[in-house]
Amino acid sequence: MPSALEKFLGFGDLPLRVSIGIEIVFVLLLTACAVAVRSRRRSLSTMTFMLLAGSFSLSIATHLIVNPTTAQKVGTASVATLAFGLIRLGLEGIDALMRRRKAHFSTIFRDLIMLVLWGTVLMVVAYTDFGVKPTQIFTATTVFAAVIGLALQETMSNIFSGLTLQVQRPFEPGDWVRTGNYLGRVRGIGWRATTIITRGNQRLEVPNSVIGKDVLVSYGEGAISDEVSIGISYDVAPNRVREVTARLLHNSPHILRDPPPEVLAWEFGESAIIYRIKYWLDDYGPQETVRDHVVSSLWYALRRHSIEIPFPMRTIEMREHQSAKITRDDARLIAELRRVDFLRDLTEDEIKVLLPTVQVREFGAGETIVRQGDEGDSFYIIRRGVVEVLVRADDASMRLVNTLGPPSFVGEAALMTGQPRNATNRAKTDVEVIEIDREGFTRLFKAHPEAAEQMSEIIATRMTQRLEAMAAASGENGGGGARRWLMNKMREIFDF
């Protein structure tokens with residue numbers, strides 16, 4: 001006699017051995033699928049395939065049971081188990097297709113639909129096989145639900161709060177949220193709690209009712225702002241602070257260009273003007289790392305531009321100490337300037353003309369010293385640290401072509417010719433450089449025009465190939481075209 005499952009699937013009319021053979025094949029295939037899913041961690045769960053395999057196993061068991069009543073009940077259980085497995089397989093398959101591009105998602109609606117369908121299957125089985133009327137089922141279910149609701153009020157509150165969160169969608173799985181003292185990335189919403197992964201990779205199970213009652217901050221829609229505050233000396237004009245800070249923020253890879261960063265002069269403090277530096281991110285995840293980069297780079301940038309972050313009661317002492325230090329370092333600076341080949345033959349008087357415009361700058365590891373394509377009005381002698389030389393390739397990527405250390409220098413070509421920077425120089429480690437700007441060479445060439453002749457010859461030798469190409473393009477094809485082209489450029493730029 002065919003089992004209930006065989007009748008349900010339509011192969012109950014086959015010979016007994018054939019139908020049992022088919023069911024055994026299904027059991028083996030579904031068991032193999034369950035093992036494969038478990039080992040590969042696929043979206044479909046092992047339980048789904050085990051339910052399906054169990055339904056065919058129960059159907060096989062009906063042929064071994066002698067008692068007809070017991071066999072009928074086991075057959076009914078096999079059909080119900082098959083229905084449970086098919087419902088679960090269908091919902092999990094749809095869920096996997098809809099969510100395959102998301103690392104984390106919520107399953108509360110899927111679970112709710114699954115429970116409703118399972119309940120429907122149980123009601124149909126109870127009515128068709130056991131004669132239980134729907135009114136009796138609803139009465140028993142209502143009484144049972146009332147008892148459970150009174151006993152599990154907090155749990156029910158979490159369940160309904162979870163459903164509300166799913167309907168309203170104040171955040172999506174993967175968004176960063178803050179509620180109360182909790183901050184993290186949402187992994188998913190369950191029946192009882194919402195799972196949040198913190199920056200420390202801690203898994204928090206926050207009850208849904210807590211999120212429903214508290215103020216919720218979501219960082220998942222559009223640009224997210226962050227800000228730092230800093231006090232700057234009253235001696236520095238606010239527009240100067242904005243200029244330096246805006247250039248720094250422009251070079252940060254995580255900070256958005258639109259909306260643009262803002263530097264706001266916020267209030268007058270006891271010893272400084274307080275500025276609020278506000279910038280925007282497209283993802284809240286690296287917020288701490290970006291803030292660290294902004295604060296660290298700001299320290300280097302302010303120091304490079306001699307912009308002071310004042311300390312009350314110590315300002316005068318620090319200024320006097322720094323002034324004395326610069327005076328003592330004059331001899332060292334002269335020695336370091338003479339290590340540059342085109343400055344080596346300058347007389348003592350000539351090199352002293354440059355000293356008032358010499359500045360010592362510091363760059364933190366990863367900061368850009370000069371950028372390819374920018375205008376250049378200064379050049380840098382590496383005093384300490386390692387500098388990377390990068391050139392933009394045809395595919396717009398930056399390619400490392402060289403690394404430089406003391407006493408190498410960069411930027412002299414753009415300074416002398418007025419051409420844009422031909423490479424990007426970035427600090428590989430913390431770097432200290434000596435900067436000489438265009439004003440210093442303007443003073444030198446006006447006071448000592450002969451120095452320009454000496455320097456142009458040396459620089460032209462270093463730049464022969466590139467300058468000859470430029471000279472050819474501009475018609476300077478006579479003898480010594482590269483040197484003559486450079487000298488004309490220097491006269492034009494420095495006006496001597």
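Quick notes
- Within the stretch 179-210, restricting attention to residues that are crowded, with 19+ Cβ neighbours inside 10 Å and among the small types (Gly, Ala, Ser), the residue that is farthest from Thr289 (Cα to Cα) is Ser209.
- Taking the criterion of being among the polar types (S, T, N, Q) and not in a helix (DSSP H, G or I), the residues of the stretch 417-431 that qualify are Gln419, Asn422, Thr424, Asn425, Thr429.
- Any hit, the stretch 283-299, residues being under 18 Å from the mean Cα position of the chain (by Cα), within 21 Å of Arg361 (Cα to Cα), at pLDDT 90 or above and charged (D, E, K, R): yes
- One residue stands out in the stretch 155-176 among those that are of a type in the set (Gly, Ala, Ser) and crowded, with 18+ Cβ neighbours inside 10 Å: the one that is farthest from the chain's Cα centre (by Cα), namely Ser161.
- When the helices (runs of 4 or more DSSP H) confined to the stretch 41-132 are screened for residues that are modelled with pLDDT under 75 and among the hydrophobic types (A, V, I, L, M, F, W, C), those reaching at least 3 such residues are found at 68-99, 108-130.
- When residues of the stretch 257-288 are limited to those that are among the aliphatic types (A, V, I, L, M) and touching a residue at least 40 places away in the same chain (Cβ under 8 Å), the one surrounded by the most Cβ atoms within 10 Å (Cβ to Cβ): Ile277
- Counted residues, the stretch 392-405 - those being hydrophobic (A, V, I, L, M, F, W, C), under 25 Å from the mean Cα position of the chain (by Cα) and part of a strand (DSSP E or B): 2
- Residue count for the stretch 214-230 satisfying the condition of being closer than 15 Å to Glu172 by Cβ and out of contact with any Gly (no Cβ under 8 Å at 6 or more places or on another chain): 7.
- When each of Ser271, Ser296 is tested for being of a type in the set (S, T, N, Q) and assigned to a loop (DSSP other than H, G, I, E, B), the lone residue that passes is Ser271.
The values are calculated or read from the model by the stated rules, or taken from the named source; none is laboratory data. All values reported here derive from a predicted model rather than from experimental measurement. Backbone-built Cβ (ideal geometry, glycine too); neighbour counts: all protein chains shown.
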